[in-house]
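This report refers to the structure that appears directly beneath it.
The values are calculated or read from the model by the stated rules, or taken from the named source; none is laboratory data. Since the structure is predicted, the reported quantities are computational estimates derived from the model, not experimental observations. Positions of Cβ are backbone-derived with ideal geometry, glycine not excepted, and every protein chain shown enters the neighbour counts.
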Amino acid sequence: MKKSLYVFLCSLLGMLMFLILHRLLVFAYLMLTAANPAVFGSSLSYLEILALDFASLLVVLMLGSWYGIALGLKWYEAVYEKGEHGGFVDHLVKAYWPSQKSHYNLKNKVEGVAKELKEDILELEYLAKTIKPVMRETVPIKRRIVRKKAAAKKP
């Protein structure tokens, strides 16, 4: 019962939406005809325009009904069967008051840093194998200078 009511109301909504679009297009055509009848309306009589309006209205209402049914089935499945959509309030909360950590995406950053660290370690190991260290000769410490400083501190 719930699903049929939901799909029926969506069908009515689709028909209403397509009806509004149809009426806007017919209004625009009638305004263009009234503004310049030689270009837009000279070949059609009033009855032909009414017949065309009625036929196009029926087609538009059928398309609106089909669109509403398809949209109703899709959203019924998403909202009630799968539970993917929490409703209007849930959408507002997620869109305008996100949690503090929602924009950080730390998992990808940690994986990226770990990958860079592995690459750097491999590069360091390669450099350690290929480059031989240069050892400089150490300069011997002059013992006299050290002894003089140590002797100066004792008194």
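See the values below:
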item	result
Output for region 1-60, where each listed residue is surrounded by 13 or more Cβ atoms within 10 Å (Cβ to Cβ) and outside any helix (DSSP H, G or I)	Gly41, Leu44
Residue check for Gly72: at pLDDT 80 or above, surrounded by 10 or more Cβ atoms within 10 Å (Cβ to Cβ), more than 30 Å from Phe18 (Cα to Cα) and within 46 Å of the chain's Cα centre (by Cα)	no
Single condition Pro37 does not satisfy, out of (1) farther than 25 Å from Ser4 by Cα; (2) touching a residue at least 60 places away in the same chain (Cβ under 8 Å)	(2)
Residue check, Leu13 in contact with a helix residue (DSSP H, G or I) (Cβ under 7 Å, 6 or more places away or on another chain), free of Cβ contacts under 8 Å to residues at least 12 places away in the same chain and either aliphatic (A, V, I, L, M) or under 30 Å from Tyr80 (Cβ atoms) (or both)	no
Candidates Lys94, Lys132, Lys101, Lys149 - the one that is modelled with pLDDT under 80, exposed (fewer than 10 other Cβ atoms within 10 Å of the Cβ) and assigned to a helix (DSSP H, G or I)	Lys149
Check on Leu106, at pLDDT 85 or above and farther than 30 Å from Lys3 by Cβ	no
